[in-house]
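Structure record follows, encoded as structure tokens.
The values are calculated or read from the model by the stated rules, or taken from the named source; none is laboratory data. Please read these numbers as outputs of a predicted model, since none were measured by experiment. Cβ placement follows ideal geometry from the backbone for every residue including glycine, while neighbour counts extend to all protein chains displayed. Protein only, heavy atoms only, side chains kept; ligands, DNA and RNA dropped before computing areas. Shrake-Rupley method; radii C 1.70, N 1.55, O 1.52, S 1.80 Å.
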Amino acid sequence: MTLATGIPWYLSTPLWLGAAAVVLLLGVPAIRRRYITSALLRQFRKVIPPMSRTEQEALQAGSVWWDAELFSGRPDWEKLLNTPRSRLSGREQAFLDGPVERLCRMLDDWQITHTEKDLPGEIWDYLKQERFFGLVLPEEHGGLGFSAQAHSEVVMKLSSRSIVAAVTVMVPNSLGPGKLLLHYGTRQQQQYYLPRLARGEEIPCFALTGPDAGSDAGAIPDQGVVAWGQWRGRRVLGVRLDWEKRYITLGPVATLIGLAFRLRDPDHLLGDREELGITLALIPRDTPGVTIGARHIPLDIPFQNGPNWGRNVFVPLDQLIGGEKYIGQGWRMLVESLAEGRGVSLPALAVGAGKVCSRYTGAYAAIRQQFGMPIGRFEGVEEALARIAGLTYQMDAARRLTLGALDIGEKPSVISAIVKYHLTERYRQLINDAMDIQAGSGIILGPSNLIARAYQALPIAITVEGANILTRSMIIFGQGAMRCHPWILKEFSAAQEPDCERGLAEFDHAVFGHAGFLLENIARSLFLGLTRGRLSHSPVAGPAKRYFQQLNWMSAAFALAADAAMMTLGATLKRKERLSARLGDVLSEMYLTSAVLKQYQDDGCPGEDWPLVRWACETSFYRMQESLRLLIRNLPFRPLGWLLRLVLFPSCYPWTEPDDRMSHEAAGLLLAPSECRDRLTAGIFITDDERFPQGIIEQAFLQAARVAPLEKTLREARRAGVVHSRDTLEQAREALAEGLVDAADLRELEKMRMLRRRVIAVDSFEHYGRNNLLQEADHNRAGLEVGS
């Protein structure tokens, strides 16, 4: 103004003085820290939520990866697309094609779940013989040394044949003594236990959950006291334990119990501290004082599960995992192992269920006819089939992306929580859709039913390894905000720094970096909202380009919304679980959409897959929009909500759920043989052997595709009045007489009739029990209820 205008000195001087004051106050670190930062730090310390030791350890565990990019408001797409896709080695593929395929053919899930209520002895022997319990243990310790990708593929394929077998294999290879020993065990512990675990000589379990410590596992009441005692004839320094645990998978058959407990040292035998914190130990089953309780039966899915407890159990310090070095670090050890295992096992189960529904429920919808046409062609069924196909594609993409991160050495704790929650929730959706489509054939239990046990097992997947309600409302955003935000964790660390000068300097750097981050995201969100991301960077051309641009917009919008919520609510946000859950939903949907786009690019952008990519992306963007809309609507400070609405969505809310045409295209991919369908369902147990129910439905599905043109000819002939019967075979005989079909066509239709009847047939059983008359009445009443 001074140079460009003739402003009088008495006006320009105050302006210059004011500008100089601002520059000195903000631009000179010593002055800024004394008059601004110190006051902000005092206020920050008042409003930050209290953090327990277990929360601090959880935040320090694992690593951040693509989730941090999404939180930045400016994701680096090259980082994502350049991440190598995890692929199976030749040895891993041979294991899947050999021992895993043979195991699938050995398994009789009806015998396991209905008759024996356990895996048969020959299956247990085979699992040990082929080292299924040592999938991830290194070869030098007798294991197979497989990647996370291979571990996931094994569990997924087994789950498509038997949930019980899959759970039995996955638990020792995920959260259990083996993993903990591999990462934290002493050399002596590794050399003794790992080969025994790999060979199945020791069956492990891990005892964490108890009657008074479920989701709040940090509140473990089980205690150990450092003391002298007798161990195998020697007086040694060790720990005297009392515990009570339940819901322990493999607990009833375990020979080695991994135990989490709080360790105390009241006599100061190890040092000055009395409360040493959560610690992990290895307890042999035959240790005096250990009791293995009777079995739990989780929803009639009879994998080995049950309680155990110990009274006055003594073990030496050598039995603590990692020895004295890792005393008190048990919670961090568990969270880091969970960050890895939770990203492999349950997602594999969920995706396995999705692939089974996509392949076999889709085939059923193509085979089963009502009103003279396949039920898959009815729009109501199409809507459910589209969800099954689209969600399965999205789930498998997220599984693969997460496995890729694990196989390059990441331990992404937030991402593992995302895939655990969202893949099991999508499993819930698609298994319900499959049940709706298959109707009576879905609800009648028996050897022919391919989806009922997956339906029964669903709540187990929802509950274990972090109950889903807790994971969504407290963990995903709660940990994500602290771990992934570029400045929040630095601000917390600075506020807790005991050195005042150093803490002030670090807080000054973090808080003004955060201010710049906030201002950038305000401008970026407004610009991207006005343009709907159209002018932002996309790493690819073609139809996927718009989805990358829209993700740029949502990333900036999410970063701004998260900052606005944290700055205005402070410690209250920790208790506003629904607001936290909605922010977590946005972060999760961005991750899932990123996975879909990466898989599409990794596969070479096959045009056949585009309907699935489009359906999955449109669904996720709609969910992001609705989560942000509900967040804005429910912010306690209403003016902030109005401002966020104007900045994030300055024109309108642009997304809707996939339209009918998208759903029709996605559903159609499940109703006819294609390379896309084979890619979507790859990795599960597939056979055309009619000794298996999968083989019968495969044969019928292919036959349905062959006779579809013939059935269309017959329908047209009936409409034209050339044939008159309502029965397809009678129509074919009339058409044969009229010369519309030949004898070979008639034989094909007769074969289709036979296969169709085999597919739609359901199992039935002889009456059994002490009172046959009463059971006959019960049977008849049940038949009436099912019929009605």
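Between residue 299 and residue 379, the contour length at 0.36 nm per residue exceeds the Cα-Cα span by 25.5 nm. Counting 0.36 nm for each residue step from residue 439 to residue 643 and taking away their Cα separation leaves a gain of 68.6 nm.
Computed over the chain, relative contact order equals 15 percent, with contacts defined as Cα pairs under 8 Å that lie 6+ residues apart.
Shown is the FRET efficiency for residue 497 and residue 520, computed with R0 = 30 Å from the Cβ-Cβ distance and rounded to the nearest 0.05: 0.70.
Using the Cβ-Cβ distance between residue 188 and residue 74 with R0 set to 51 Å, the FRET efficiency works out to roughly 0.55. Of all stretches in the chain that contain no trypsin sites (Lys or Arg not before Pro) in a DSSP loop with at most 11 other Cβ atoms within 10 Å, the longest one is 233-574.
With one equal scatterer per alpha carbon and no solvent term, the Debye-computed log10 I(q)/I(0) for the stretch 447-547 at 0.12, 0.16, 0.18, 0.19 1/Å reads -0.77, -0.93, -0.97, -0.99. Here, the stretch 553-639 is characterised by an Rg to Rh ratio of 1.10, where Rg is the alpha-carbon radius of gyration and Rh the Kirkwood radius. Cross-link check: pairs 79/420; 179/325; 574/598; 157/574; 117/245 evaluated at a Cα-Cα cut-off of 29 Å; pairs beyond the cut-off: 574/598; 157/574. Using the Cβ-Cβ distance between residue 40 and residue 124 with R0 = 45 Å, the FRET efficiency computed as 1/(1 + (r/R0)^6) comes to roughly 0.15. Taking label points 7 Å from Cα along the Cα-to-Cβ direction, residue 311 and residue 17 give a separation of 8.4 nm. Considering all different alpha carbon pairs of the stretch 135-188, the Kirkwood hydrodynamic radius works out to 11.7 Å. With the convex hull of the Cα atoms taken as the outline of the stretch 654-749, the averaged projected area works out to 9.6 nm². In the chain, taking the dipole from charged Cβ atoms about the Cα centre, the farthest positive-side position among 37, 760, 709 is held by 37. Of the GluC sites (Glu not before Pro) found in the stretch 724-765, not one falls in a DSSP loop while having at most 15 other beta-carbon atoms within 10 Å. Taking the helices alone, the chain has a mean residue ellipticity at 222 nm of -18000 deg cm²/dmol, built from -39,500 (n - 2.57) per DSSP H run of at least 4 residues and averaged over all its residues. The length gained by stretching the chain between residue 106 and residue 655 to full extension, at 0.36 nm per residue less their Cα-Cα distance, is 192.8 nm. Reported to the nearest whole Å, the Cα centre-to-centre distance from the stretch 576-609 to the stretch 414-449 is 20. Calculated on C-alpha atoms, the gyration radius of the stretch 208-273 divided by its Kirkwood radius gives an Rg/Rh of 1.03. Relative intensity of the stretch 227-350 on a log10 scale, I(q)/I(0) at q = 0.10, 0.17, 0.20 Å⁻¹, equals -0.37, -0.96, -1.21, per a Debye sum over C-alpha point scatterers of equal strength in the absence of solvent. How large is the translational diffusion coefficient of the stretch 379-420 in µm² per second when you combine the Kirkwood radius over alpha carbon pairs with Stokes-Einstein at 37 °C and 0.692 mPa s? Rounded, D is 282 µm²/s. Averaged per residue, the chain has 43 square angstrom of accessible surface, using a 1.4 angstrom probe with ligands and nucleic acids left out. Matching the structure-derived log10 I(q)/I(0) by the Debye sum over Cα atoms at q = 0.08, 0.10 Å⁻¹ against the labelled list (i) -0.77, -1.12; (ii) -1.05, -1.30; (iii) -0.69, -1.08 gives the label (i).
For 7, 321, the ranking by accessible surface with the largest value first comes to 7, 321, using a 1.4 Å probe. Note on the stretch 313-409: Kirkwood hydrodynamic radius from all Cα pairs is 17.1 Å, rounded to one decimal. Modelled this way, with points 7 Å down the Cα-to-C-beta line, the labels at residue 705 and residue 28 are 7.8 nm from one another.
Computed with every protein chain present, the accessible area of residue 114 is close to 80 Å² [probe 1.4 Å].
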